[in-house]
1. Of all residues in segment 138-193 being of a type in the set (Gly, Ala, Ser) and surrounded by fewer than 17 Cβ atoms within 10 Å (Cβ to Cβ), which is farthest from the chain's Cα centre (by Cα)?
2. Taking residue 30, is it modelled with pLDDT of 95 or more, within 19 Å of residue 183 (Cα to Cα) and either among the hydroxyl-bearing types (Ser, Thr, Tyr) or within 23 Å of the chain's Cα centre (by Cα) (or both)?
3. Restricting attention to strands (runs of 3 or more DSSP E) lying wholly within segment 101-219, give those where 3 or more residues are touching an Asp or Glu at 6+ places or on another chain (Cβ under 6 Å).
4. Tally the residues that are of a type outside the set (D, E, K, R) and over 16 Å from residue 212 (Cβ atoms), restricting the search to segment 240-252.
5. Condition (residue is outside the structural domain of residue 190 (by TED's automatic domain parsing), more than 13 Å from the chain's Cα centre (by Cα) and among the hydroxyl-bearing types (Ser, Thr, Tyr)) applied to segment 60-74: is it met by at least one residue?
6. Hey, residue 53 hits all of (1) touching a residue at least 24 places away in the same chain (Cβ under 8 Å); (2) surrounded by fewer than 18 Cβ atoms within 10 Å (Cβ to Cβ); (3) not small (Gly, Ala, Ser) but one; which does it fall short on?
7. Restricting to segment 85-107, name every residue that is more than 11 Å from the chain's Cα centre (by Cα), among the aliphatic types (A, V, I, L, M) and closer than 20 Å to residue 241 by Cβ.
8. Determine, yes or no, whether residue 215 is charged (D, E, K, R) and under 17 Å from the mean Cα position of the chain (by Cα).
Amino acid sequence: MNNLYKDIENQIVNIPDKIESIGIITGAGISQESGIPTFRGKDGLWKNYKPEELATPYAFEKNPKLVWEWYEMRRQIIKKAEPNPAHYTLVKMEEFFENFLLVTQNVDGLHEKAGSKNIIELHGNIWRARCILCNYKEFLETPLPEIPPHCPKCNSLMRPDVLWFGETYDTNLLNIVQDFFQKIGLLFVIGSSGQVSVPVYLAKEAHLNGAIVIEINPDFSMYSHFADIILRYKAAEALPILWQFLKEKWQN
């Protein structure tokens, strides 16, 4: 713990004494610390399927019941999870800054559960379903009364309202993030491996526009190539202490 304090203290010296706006990008690592398995890796197999084989429009068209069973399994795991200290620290940061935007790649809803409000969910929300025909959306609890669920409006199939492999990002959301990130002074990248190219592109754009990039991740990532400050610790351990230092710095 002493090493963590010293590491943070040494690295934040060059952060300005005043920051007007701040951006956050979170990835699977912050949720993993709450007990949610990461999308890939050794925890990614289910009934001998890889996530890349199930999280696609083709897989849903071929076997919607199988896809929903997989998502229901994930939803039951997520339901037991609680936000960790990193999630709650982000809530405090949002309360401190007038201009704050949290961009998450996670679909688990833990940021909302912790109390964060100004959130963009780049990859959707696993608790929300949408109709494949009329686009009606609603939040569905687990366990589901029927698998696959059907739309209460038109009785067509509902699908998880998440971004699948082979689908494009919502351009409206991307525009909001890009516009905000062009003006920020500081960007935190927390628990994101950078295997998804769009968040890396957004972070790099922010950096090119003058934002100081702070990466919190125990492992090397694609953000590590251009991050100004790198903390090789778990988010739940490092972020509360980092915030304590920064808050004192900015309040003095």
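1. Filtering segment 138-193 for residues of a type in the set (Gly, Ala, Ser) gives 156, 166, 185, 191-193.
After this cut, where a residue has to be surrounded by fewer than 17 Cβ atoms within 10 Å (Cβ to Cβ) as well, the list is 156, 166.
Details: 156: 30, 166: 19 Å.
Out of the qualifying residues, it is 156.
2. Details: modelled with pLDDT of 95 or more: yes; within 19 Å of residue 183 (Cα to Cα): no; either among the hydroxyl-bearing types (Ser, Thr, Tyr) or within 23 Å of the chain's Cα centre (by Cα) (or both): yes.
No, not satisfied.
3. Ranges flagged: 124-131.
4. Filtering segment 240-252 for residues of a type outside the set (D, E, K, R) gives 240-246, 250-252.
Adding the requirement that they be over 16 Å from residue 212 (Cβ atoms) leaves 240-241, 244, 251-252.
Within segment 240-252, residues that are of a type outside the set (D, E, K, R) and over 16 Å from residue 212 (Cβ atoms) number 5.
5. Looking only at segment 60-74, we keep the residues that are outside the structural domain of residue 190 (by TED's automatic domain parsing), and these are 60-74.
Next, only the ones that are more than 13 Å from the chain's Cα centre (by Cα) stay: 60-74.
Next, only the ones that are among the hydroxyl-bearing types (Ser, Thr, Tyr) stay: 71.
Yes; the residues of segment 60-74 include at least one that is outside the structural domain of residue 190 (by TED's automatic domain parsing), more than 13 Å from the chain's Cα centre (by Cα) and among the hydroxyl-bearing types (Ser, Thr, Tyr).
6. (1)
7. Taking segment 85-107 first, the residues more than 11 Å from the chain's Cα centre (by Cα) are 85-86, 88-101.
Subset that is among the aliphatic types (A, V, I, L, M): 86, 90-91, 93, 101.
86, 90, 91, 93, listed by residue number.
8. Numbers: charged (D, E, K, R): yes; under 17 Å from the mean Cα position of the chain (by Cα): yes.
It is true that residue 215 is charged (D, E, K, R) and under 17 Å from the mean Cα position of the chain (by Cα).
The values are calculated or read from the model by the stated rules, or taken from the named source; none is laboratory data. All figures in this text were calculated on a predicted structure; none of them were measured in a lab. Counting neighbours? That spans all protein chains shown, and the Cβs are built from the backbone with ideal geometry, glycine included.
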